[in-house]
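This report refers to the structure that appears directly beneath it.
The values are calculated or read from the model by the stated rules, or taken from the named source; none is laboratory data. Computed from a predicted model, the values in this text were never measured in an experiment. Here the Cβ is made from the backbone with ideal geometry for all residues, glycine too, and neighbour counts use every protein chain on show.
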Amino acid sequence: MKNWIPLSDDQDHFVWDNFYESFNFRPSVHSKDWPSFTLPNPYITYKITDYTDSDLDDLEEKCVKTLRALTEPSEYIYALDWQHESFFYNPHLEKGSADWTLSFYPDGDYYFFLQKDFKWGYLGHPWEHTITLFGAELVRQIEINKPSLFGAVVRRS
């Protein structure tokens with residue numbers, strides 16, 4: 001079983017259309033337009049600090065651990081890469097030999113990890129240099145196992 005399954009074109013359009021509508025998504029490089037989405041409560045937004053390779057490894061490890069705590073072993077969530085290929089992702093499965101996976105660090109693009117009914121999500125903003133978490137379960141779990149590169153709180157509800 002693969003843990004990174006590309007969305008079909010129809011699935012991709014469906015998920016992105018729902019995301020744009022549900023979160024009033026307005027991608028922008030301009031700070032006057034940030035945040036780029038409207039969020040349900042509760043949510044918290046962290047500034048991303050300067051980092052080392054070990055901080056990126058820590059981010060990956062803690063995010064996967066957090067997502068495993070929130071999902072069933074056979075459950076897939078959305079892993080979305082704005083303007084690029086997006087995936088169904090199962091955090092319980094080993095990375096394997098996938099040609100492409102998304103990082104939890106928004107390195108130049110919006111990377112989103114969302115529960116399929118949008119009950120919770122992890123939203124990486126590449127230009128604001130922030131990570132936003134929404135949904136009580138996800139916010140609570142990340143506080144238990146907070147990545148080292150999560151800096152100051154920028155916004156919260």
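Structure above, values below:
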quantity: Strands (runs of 3 or more DSSP E) completely within region 53-157 that count 2 or more residues being basic (Lys, Arg); calculated: 150-156
quantity: Any chance residue 74 is among the polar types (S, T, N, Q) and either free of Cβ contacts under 8 Å to residues at least 24 places away in the same chain or touching a Cys at 6+ places or on another chain (Cβ under 8 Å) (or both); calculated: yes
quantity: Residues of region 65-122 that turn out to be loosely packed, with under 14 Cβ neighbours inside 10 Å, touching a strand residue (DSSP E or B) at 6+ places or on another chain (Cβ under 9 Å) and at pLDDT 95 or above, as a count; calculated: 1
quantity: Condition check for residue 126: modelled with pLDDT of 95 or more, surrounded by 15 or more Cβ atoms within 10 Å (Cβ to Cβ), touching an Asp or Glu at 6+ places or on another chain (Cβ under 6 Å) and of a type outside the set (A, V, I, L, M); calculated: no
quantity: Subset of region 1-46 that is among the hydroxyl-bearing types (Ser, Thr, Tyr) and in contact (Cβ under 8 Å) with a residue 60 or more places away in the chain - its residue that is nearest to residue 149 (Cα to Cα); calculated: 46
quantity: Residue 106 without any contact (Cβ under 8 Å) to a residue 60 or more places away in the chain, under 17 Å from residue 154 (Cβ atoms) and in contact with a Gly (Cβ under 8 Å, 6 or more places away or on another chain); calculated: yes
quantity: Condition check for residue 151: in contact with a strand residue (DSSP E or B) (Cβ under 9 Å, 6 or more places away or on another chain), small (Gly, Ala, Ser) and surrounded by 18 or more Cβ atoms within 10 Å (Cβ to Cβ); calculated: no
quantity: Per-region count, region 1-51, residues assigned to a loop (DSSP other than H, G, I, E, B) and either surrounded by 12 or more Cβ atoms within 10 Å (Cβ to Cβ) or at pLDDT 90 or above (or both); calculated: 20
